[in-house]
Every structure is written in structure tokens, then in C-alpha cells.
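Accompanying notes for the structure given below.
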Amino acid sequence: MSRPKLQLALDNHDLSSSLAAAQKAQLQVDVMEVGTILAVENGINAVHIMKSLFPDHIVLADIRIIKAGGKLAKLAFESGADWVTVMSDASNETIEAVVKELKLHGNKDVQIEINQSFTSEQTEYWRSLGITQLIYHRSNEVVEKEVKWSPEVINELKNLADIGFQLSITGGLSVDEIKLFKDVPVYCFIAGRRIANSSDPFQAAKEYKEEIIRVFG
């Protein structure tokens, strides 16, 4: 099992403060995410700026595509994104258009963000297209109710990994929760405000990174 990556989700309205947090945390982070709110508030140019400042990092445009897949993926990739996100509710045609676009641009990837009602037919279809990345996002409502990651969820993640998916885990994820996934081949842990809005983004990211190393080696 390879060591999971650490992704910094930047989803504040203000681009300058987001970039400042990214600058401070960069040595501890593998993936820089231009979050949905940040992208909507500042336009796709936020992706271009992020990649210009952090050329050695993977840059994700978390634009949550559900329509106009080809056009939006092309816009993101041409702006410097390495990855884009697509919602699992998107139509097959939309997802196929994104996959076609990433193949045209080379060395790009797509992540499907799954909701609670995804089906085995969908996962089989995504794998048939060559898609390997899934985001498992614990909803804000669950986080607010302080419901922890259940054994049922952990088993579901293991099953998804067994059929060939690389899993990114997000949703109010704390440092203390990293150990819950020790038996899951997680590809990427995603943390946002706990790093970006902390008084010391470097130290906050370092705590995540050190815990990932402690748990996964």
C-alpha cells in the first residue's frame, strides 16, 4: 500500500488569502485544490494562477461538472488543471465528454465525486471508461451531527478499492480520523479549512502529513 497524498482544499471566497495559505503549507501538501467556491468567485483564472505559482504540485479544479463536460474540462485543462471533478449524477454523455477531453490533453485525470446513491452499474461503467479516481465526500450535514466514519463506510471503501478505484477521502476530516482508514488503500486525504483557516497553515498541514506517515508508513 503506497502512502496517501495530502490535498489542500482552498474554498474561501478570497483568492489572495487562499494563495497565502497555499504558499505556507506547500511543503507538506501534494495536491492544491481550487475549490468550487474559489473557482466560481474568481473564475477559471484562479486555476491558472495556482498552477503558475505551484508548477510542481498537482492542481485540481474542483468545478464539479454535471453538464457541458467537454467544454468545462477543456477550459480547466487549458488553464493548467491536472485533475477535474465530475459529479456522479452527471449523465454518461457528460462523463464521456470529460474523458475524451482529458485524453486529448494528455497526463490529465478526472475524479468522480460520488453521492450516497451511486450504484454498482455506475461504478462498472466508470471503470469501463478507464476512470480510476473516486472522491468519497462525507456531507456537511453528517459532519455537523458529529457522526463518525462507520465500519459500514470503511467496508464500502474497501470494496471500491478492490475493484480498482483510487479513493480520495474528504468531509470535515480531522487528523485524529486518519487512523480509521489504516486498512483502506487511500489515494488522497483532503483537508480544507482546518489547514487554510488555521493560524499556522504549515503546522496544520504538517500534523496531517505526519499522521499519514505514522499510519501508512
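The values are calculated or read from the model by the stated rules, or taken from the named source; none is laboratory data. For clarity, every value in this text was computed on a predicted model and none was experimentally measured. Ideal geometry is used to build each Cβ from the backbone, glycine not excepted, and the neighbour counts take in all protein chains shown.
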| request: Check off (1) touching a Gly at 6+ places or on another chain (Cβ under 6 Å); (2) farther than 21 Å from Leu157 by Cα; (3) among the basic types (Lys, Arg) for Arg138 and give me the number that stays unchecked. | output: (2)
| field | Candidate set: segment 46-87, residues that are among the basic types (Lys, Arg), part of a helix (DSSP H, G or I) and surrounded by 17 or more Cβ atoms within 10 Å (Cβ to Cβ); chosen: the one nearest to the chain's Cα centre (by Cα) | value | Lys51
| Conditions (1) over 17 Å from Phe77 (Cα atoms); (2) in contact with an Asp or Glu (Cβ under 7 Å, 6 or more places away or on another chain): number failed by Ser117 | (2)
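Quick check on segment 117-133: of everything there that is in a loop (DSSP other than H, G, I, E, B) and touching a residue at least 12 places away in the same chain (Cβ under 8 Å), which residue is surrounded by the most Cβ atoms within 10 Å (Cβ to Cβ)?
Checked segment 117-133; the qualifying residue surrounded by the most Cβ atoms within 10 Å (Cβ to Cβ) is Ile131.
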| Quick check: is even one residue across segment 12-19 in contact (Cβ under 8 Å) with a residue 12 or more places away in the chain, touching an Asp or Glu at 6+ places or on another chain (Cβ under 6 Å) and surrounded by fewer than 21 Cβ atoms within 10 Å (Cβ to Cβ)? | yes
| field | Tally, over segment 43-100, of residues that are more than 20 Å from Phe189 (Cα to Cα) and either touching a residue at least 60 places away in the same chain (Cβ under 8 Å) or of a type in the set (A, V, I, L, M, F, W, C) (or both) | value | 18
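Would you point out which residue out of Val59, Val98 is hydrophobic (A, V, I, L, M, F, W, C), over 21 Å from Asp14 (Cβ atoms) and at pLDDT 95 or above? Explain how you work it out, then say what you get.
Working: Val59 fails: over 21 Å from Asp14 (Cβ atoms).
Of the residues listed, the single one that is hydrophobic (A, V, I, L, M, F, W, C), over 21 Å from Asp14 (Cβ atoms) and at pLDDT 95 or above is Val98.
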